[in-house]
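The values are calculated or read from the model by the stated rules, or taken from the named source; none is laboratory data. Everything numeric here is computed off the predicted structure, so don't read it as measured data. Glycine also receives a Cβ, built like all others from the backbone with ideal geometry; neighbour counts cover every protein chain displayed.
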């Protein structure tokens, strides 16, 4: 997925000389190709994220298209107010990339983990939120963000879990995308980001579960999600994000008062990562591993 | 219509707005009247006399609390109407109590302090990249430079050699809860900007010829350095009972204080 991201950035910059890539001194190897192919469009703003977002707003006002890159623990978390006032209030087009979302930086601890970024951004108007599951959704969401007239946040989570699509999806970007669909399955999993892969593996072993990916958290596909949910016995949302304010909250806002069903929001259960460990250790610690979720489905 | 930006008239417009809207922030509007008057009269270039021309000079009021002073100038520019002034703070009107970029002639939404400088730096950087001759002027408050993002922006401006940027620090010595000395000592502001790589001048922020000369001097220097003017000002300048009295950051005008302030301005 990171190679796809690098390719998408280079393609965007080559297609439009007004594209500028701003980084807060992050993305060392990731930007090798960009720095080589578009050196004039690469701007390292230093370890100064607040100023970087203000500068991005000023550049957008002056006719540029800034792509602001940071770790999702910092962009958006450290610069939430700049995103709200400098960019979104003024309806400026700036694309924010939050890398390493979820618990990707597992060994580094909570300062570098980000499980609250979607919740923080969902309440800000004039901002789309994307959460791609694989390199195909990444390419697809980047294209959509570039074509949009408004600001976007693209959440890049665990990037090496393999593909869930065989090709770049061919549908409206705000759509929920089928991953594994059976006849008359009474259980539905709506997953986003890295958790789509987990949902796919779980559902592959069963006959009664449909899996859809939700690459666009905001605006969310209300009508489609309502139709997918309305005749199910069980609905689960999967996200590597807090159970508060993310995909699960978005779905619950659609079904609340409309559909009677068993609905379970599966995510980080309102706690920090207490211990050091690798990614898979922390995913299991937060009860998002294949094994833990299999037990959940069996119950 | 000739635009003279007479500072007495600008202050009277501020008082009219503050009285009709029953609003606060008079003191911090009065401290930047001369700075704005000189900028609008002699320096800011607006091609076709329109506020949104792509080659205009930028003026960012980062200390958005002083926005009534800018409204008074925009009224004289003809971009705000007399009805806008008269109806200040009425329900459904466009002029808010802090700078808002949806108002023609206001570049940046500020008021949350420490934002506008970065946005202005971004605009100056954009103009530099486009190789236009646009200038970007940013007015920050001395209290505002408590914010860490101000110094992030100063580093950026210096690193990227933004010699089309002039930041004016309105050093009136007060912030919300007291004097800058009491709240959070700033030390020598000019030395700080010099240390950050700025070419800096300190002057009397109510002396129009000093301000004018400094801007002429600084903007003609294409030496790869951003510029800073440290303007020593008086909060509430122009009305004796408001000067250096921080209560006029918060106090609303009564009929009596409005009349007394207007009479005093008229005498000058």
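Some observations on this one:
- Of the residues making up the stretch B:68-117, those that are assigned to a helix (DSSP H, G or I), touching a helix residue (DSSP H, G or I) at 6+ places or on another chain (Cβ under 8 Å) and either more than 20 Å from residue B:39 (Cβ to Cβ) or away from chain A (no Cβ under 14 Å) (or both) number 13.
- Per the listing A:75, A:43, the residue uniquely in the same structural domain as residue A:98 (by TED's automatic domain parsing) and surrounded by fewer than 24 Cβ atoms within 10 Å (Cβ to Cβ) is A:43.
- Within the stretch B:153-177, the set of residues being on the phi > 0 side of the Ramachandran plot and more than 20 Å from the chain's Cα centre (by Cα) comprises just one member, B:161.
- Residues of the stretch A:30-78 satisfying the condition of being touching a helix residue (DSSP H, G or I) at 6+ places or on another chain (Cβ under 6 Å), more than 7 Å from every other protein chain (Cβ to nearest Cβ) and within 21 Å of residue A:147 (Cα to Cα): A:34, A:38, A:41, A:42, A:53, A:66, A:68
- Any chance residue B:99 is under 20 Å from residue A:60 (Cα atoms), crowded, with 18+ Cβ neighbours inside 10 Å and under 12 Å from the mean Cα position of the chain (by Cα): yes
- Between A:124, A:118, the distinction of being in a loop (DSSP other than H, G, I, E, B) and surrounded by 19 or more Cβ atoms within 10 Å (Cβ to Cβ) belongs to A:124 only.
- Residue in the stretch A:160-179 that is under 13 Å from the mean Cα position of the chain (by Cα), modelled with pLDDT of 95 or more and assigned to a strand (DSSP E or B) present: no
- Cβ separations smaller than 6 Å between residues 6+ apart or across chains give the following pairs from the stretch A:275-289 residues that are over 19 Å from residue A:242 (Cβ atoms) to residues that are surrounded by fewer than 18 Cβ atoms within 10 Å (Cβ to Cβ) and modelled with pLDDT of 95 or more: A:276/A:107.
- Looking across A:261, A:229, one residue alone is closer than 24 Å to residue A:292 by Cβ, at pLDDT below 95 and touching a helix residue (DSSP H, G or I) at 6+ places or on another chain (Cβ under 8 Å). It is A:261.
- Residue B:247, sole failed condition from (1) modelled with pLDDT of 95 or more; (2) surrounded by fewer than 20 Cβ atoms within 10 Å (Cβ to Cβ); (3) assigned to a helix (DSSP H, G or I); (4) in contact with a helix residue (DSSP H, G or I) (Cβ under 9 Å, 6 or more places away or on another chain): (1)
- The stretch B:118-133, subset within 19 Å of residue B:35 (Cβ to Cβ) and more than 16 Å from the chain's Cα centre (by Cα), residue farthest from the other protein chains (Cβ to nearest Cβ): B:124
- A count restricted to the stretch A:206-217 and to residues that are at pLDDT 95 or above and more than 10 Å from the chain's Cα centre (by Cα) stands at 5.
- Entry remark, the stretch B:147-182: residues being in contact with a strand residue (DSSP E or B) (Cβ under 7 Å, 6 or more places away or on another chain) and within 14 Å of another protein chain (Cβ to nearest Cβ) number 5 in total.
- Yes/no for residue A:86 being surrounded by 20 or more Cβ atoms within 10 Å (Cβ to Cβ), at the interface with chain B (Cβ under 10 Å from one of its Cβ atoms) and at pLDDT 95 or above: yes
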